[in-house]
1. So the check is Cβ under 8 Å with 6+ separation or different chains; which pairs have a first residue in region 56-74 that's closer than 20 Å to VAL23 by Cβ and open to solvent by less than 80 Å² (accessible area, probe 1.4 Å) and a second one that's small (Gly, Ala, Ser) and not in a helix (DSSP H, G or I)?
2. Could you check, for region 237-250, whether at least one of its residues is open to solvent by less than 30 Å² (accessible area, probe 1.4 Å) and of a type in the set (Val, Ile, Thr)?
3. Out of everything in region 159-215 that is more than 17 Å from ALA238 (Cβ to Cβ) and among the hydroxyl-bearing types (Ser, Thr, Tyr), what residue ends up being modelled with the lowest pLDDT?
4. Condition first: surrounded by 18 or more Cβ atoms within 10 Å (Cβ to Cβ) and assigned to a loop (DSSP other than H, G, I, E, B). Can you find one or more residues in region 254-262 that meet it?
5. Given the condition among the polar types (S, T, N, Q) and under 16 Å from THR287 (Cα atoms), answer yes or no: does some residue in region 163-171 qualify?
6. Could you say which residue among ASP231, ASP294, ASP222 is under 19 Å from LYS159 (Cβ atoms), open to solvent by 60 Å² or more (accessible area, probe 1.4 Å) and not in a strand (DSSP E or B)?
7. Restricted to region 1-25, and to residues that are over 14 Å from the mean Cα position of the chain (by Cα), of a type in the set (A, V, I, L, M, F, W, C) and within 17 Å of ILE52 (Cα to Cα), which residue is least open to solvent (accessible area, probe 1.4 Å)?
Amino acid sequence: MTGPDPVDVRLLSVVAEMGRATVPDIAGRLGMDVRDVAARLAALSTTGLPLIVGVECDQQGIRNAVAAAQQWAAQNAASGPHPVAPGQHTGSHPMSGPYQVSGPHQVSGPHPMSGPHQVLHPQQPVAPTPPMSTWGPPGSAAWARGDQPAAPTPAPTGKVGTKLDVHGMSGEQISIQLIEVVDPADFLFTAAGYELQPGERSVVVHTELTNNGQVPFASLPDMYLELVTKDGSAVAKAPVSMSSRTPHRMGVQPGETAGGHTVYVLPESTELSAVRWTPQPGDHQRTLIWDITDL
């Protein structure tokens, strides 16, 4: 008989503590990949546990996205077959990503094929069609129309003590202040009952999130708060908390300020350059960066 998976046990412990949460929130608390957490929860929900894994969305936004994809497919079908480069997959669907071609496929003479085909005259080359992004970044006009995404703006930056403003995923007006970076924080880590392996060190980061708008901030404030090394690598938070350094709690209501501490474990020799906050991985439009090279 196979024993219970220790990762599943840890996952269920966090779910039991939180009660109701999104998959990214649970993944952030554990420091795990969102897809791994989703797959594990889906599997666990079929074992008879009192666990429901659901989906919540902006219904109109999803309808707009589906309509845009269907319109793109209809226009593509109405325009007839398109010449493609050798080896190009012709069954691309907007649901699976933008349809791209590597350039015009020109045929200088008749080419035998088993079905109808077109022959392009060499004196009339066809200009390549630029690849179209069907979906675009969520929440933007490109999401519904298929426009090209706008060039990203530089991320707001600061130092320790700086408060930086940003809009959340649901339109929240929030500001985040980097209060303190304790590096190394090995004495705090071991005092909390944890043990570092040889060659490791711990770092504790204290931040505060202020909700300046009317929309509640429903996520964990430090879900994707990362340390950035001098070579550009990211260090995710460790799934531990200290009683002497209060961790962040889920959600910040309008007009409130909530603080918390985030713990990291990394190789002792790692050189750090910044603290970075994003509401979700890869969201460069809502990234905040604090320079800590002078610590």
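1. Close Cβ pairs satisfying both conditions: GLY61/GLY139.
2. No: region 237-250 contains no residue that is open to solvent by less than 30 Å² (accessible area, probe 1.4 Å) and of a type in the set (Val, Ile, Thr).
3. That would be SER170.
4. To start, the set of residues in region 254-262 that are surrounded by 18 or more Cβ atoms within 10 Å (Cβ to Cβ) comprises 258, 260-262.
Now restrict to residues that are assigned to a loop (DSSP other than H, G, I, E, B): none.
No.
5. At the first step, the residues of region 163-171 found to be among the polar types (S, T, N, Q) are 170.
The next check asks that each one be under 16 Å from THR287 (Cα atoms); those that pass are 170.
Yes - at least one qualifying residue is present in region 163-171.
6. Details: ASP231 fails: under 19 Å from LYS159 (Cβ atoms); ASP222 fails: open to solvent by 60 Å² or more (accessible area, probe 1.4 Å).
Among ASP231, ASP294, ASP222, only ASP294 is under 19 Å from LYS159 (Cβ atoms), open to solvent by 60 Å² or more (accessible area, probe 1.4 Å) and not in a strand (DSSP E or B).
7. Step one: of region 1-25, the residues over 14 Å from the mean Cα position of the chain (by Cα) are 1-21.
When the remaining residues are screened for being of a type in the set (A, V, I, L, M, F, W, C), the result is 1, 7, 9, 11-12, 14-16, 18, 21.
This time we only want the ones that are within 17 Å of ILE52 (Cα to Cα), so: 9, 11-12, 14-16, 18, 21.
Working: VAL9: 72, LEU11: 0, LEU12: 57, VAL14: 16, VAL15: 26, ALA16: 81, MET18: 40, ALA21: 42 Å².
Ranking the qualifying residues of region 1-25, first place goes to LEU11.
Okay, residues lined up against (1) of a type in the set (Lys, Arg); (2) in contact with a Gly (Cβ under 6 Å, 6 or more places away or on another chain); (3) surrounded by 16 or more Cβ atoms within 10 Å (Cβ to Cβ):
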| residue | (1), (2), (3) |
| --- | --- |
| GLY161 | no, no, no |
| GLY168 | no, no, yes |
| GLN173 | no, yes, yes |
| GLN177 | no, no, yes |
| GLN214 | no, no, no |
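The values are calculated or read from the model by the stated rules, or taken from the named source; none is laboratory data. Computed from a predicted model, the values in this text were never measured in an experiment. No Cβ is skipped: glycine too gets one built from the backbone with ideal geometry, and neighbour counts run over all protein chains shown. Note: accessible area is taken over every heavy atom of the protein model, side chains too, but ligands, DNA and RNA are not part of it. Shrake-Rupley method; radii C 1.70, N 1.55, O 1.52, S 1.80 Å.
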